[in-house]
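Worksheet: one structure, shown below.
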Amino acid sequence: MARPHLSRRSLLTAGGATAVAIGAAAAHPSAAAAQPADDAQPADAAVGTPAEALRRLLAGNHRFTAGHGRHPHQSLDDLHRLAAGQHPFAVTVGCADSRVAPEVLFDQGLGDLFDNRVAGNIVDDLLLGSAEFAVEEFGSLLIVVLGHERCGAITATIDAIRTGGTAPGHIGAIVDSLRPVVEPVLNQPGDPVENAVRANIAAQVRALQTRSPIIAEKVRQGALRVVGARYDLDNGRVSLVA
């Protein structure tokens with residue numbers, strides 16, 4: 001019997017699952033310890049360490065959620081200045097979801113972030129090479145794997161596992177990549193989509209450090225940090241989860 005195709009829409013919306021709200025500070029003490037502390041810093045202040053890079057991103061997200069975004073260096077003059085070269089201080093590995101735009105939610109500008117976005121924030125060989133390029137070529141100090149609640153790619157994967165269906169076209173490649181991460185957590189207590197989102201963030205953080213000798217060595221030297229974060233679509237907050 002032919003297996004049913006999953007709806008294309010299931011990849012783009014979260015379906016019927018509602019994410020369980022989890023207090024980041026309670027569940028993940030590291031998130032509480034990394035509260036933004038440099039809101040008063042100039043937008044073009046130098047970033048010299050991975051810790052400073054992380055503080056800048058969290059402070060920018062704090063401004064975004066408070067409605068006090070600076071929208072730094074986003075002018076045509078800034079673009080002209082950057083035409084000669086770029087030095088992004090952080091790399092993002094995020095979902096292609098249109099609601100998860102790193103420069104907006106972290107209140108950063110042109111030249112600040114080396115963005116890598118694909119549905120499900122999956123670290124495949126191409127994305128891994130892109131992250132390595134930023135670390136090697138530009139000296140980026142931080143890599144953030146940015147997942148988000150109610151992820152459509154996660155939901156589509158859960159649907160495929162539970163129904164035995166297949167996703168149409170090349171969407172199946174996304175589902176196949178996420179299946180080994182999602183399947184082991186499906187029977188855990190709580191919301192299955194939220195559990196899988198968090199498991200996927202942690203899995204991609206591990207993949208960056210275990211599959212790339214370049215990244216692993218930079219981390220060992222203290223020149224780079226790799227973290228996982230979850231974006232809350234309802235309130236815009238980013239919290240560290242891995």
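Taken over the stretch 102-111, the residue count meeting the criterion of being touching a strand residue (DSSP E or B) at 6+ places or on another chain (Cβ under 9 Å) and either open to solvent by 30 Å² or more (accessible area, probe 1.4 Å) or basic (Lys, Arg) (or both) is 1.
Tell me, please, whether a residue that is assigned to a helix (DSSP H, G or I) and either within 28 Å of GLU103 (Cα to Cα) or among the polar types (S, T, N, Q) (or both) can be found in the stretch 227-237.
no
Let's see how each residue does on (1) on the phi > 0 side of the Ramachandran plot; (2) touching a residue at least 12 places away in the same chain (Cβ under 8 Å); (3) in contact with a helix residue (DSSP H, G or I) (Cβ under 8 Å, 6 or more places away or on another chain):
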residue: GLU136; (1), (2), (3): no, yes, yes
residue: VAL181; (1), (2), (3): no, yes, yes
residue: GLN188; (1), (2), (3): no, no, yes
residue: GLU194; (1), (2), (3): no, yes, no
residue: ILE201; (1), (2), (3): no, yes, no
residue: ARG225; (1), (2), (3): no, yes, yes
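Evaluate the following for THR163: is it in contact (Cβ under 8 Å) with a residue 40 or more places away in the chain and hydroxyl-bearing (Ser, Thr, Tyr)? For THR163, the condition - in contact (Cβ under 8 Å) with a residue 40 or more places away in the chain and hydroxyl-bearing (Ser, Thr, Tyr) - is met.
The values are calculated or read from the model by the stated rules, or taken from the named source; none is laboratory data. Predicted model only: the values in this text are computed from it and were never measured. Don't worry about glycine lacking a Cβ; one is built from the backbone with ideal geometry, like all the others, and counts go over all protein chains shown. Note: areas computed on protein heavy atoms with side chains; ligands, DNA, RNA excluded. Shrake-Rupley method; radii C 1.70, N 1.55, O 1.52, S 1.80 Å.
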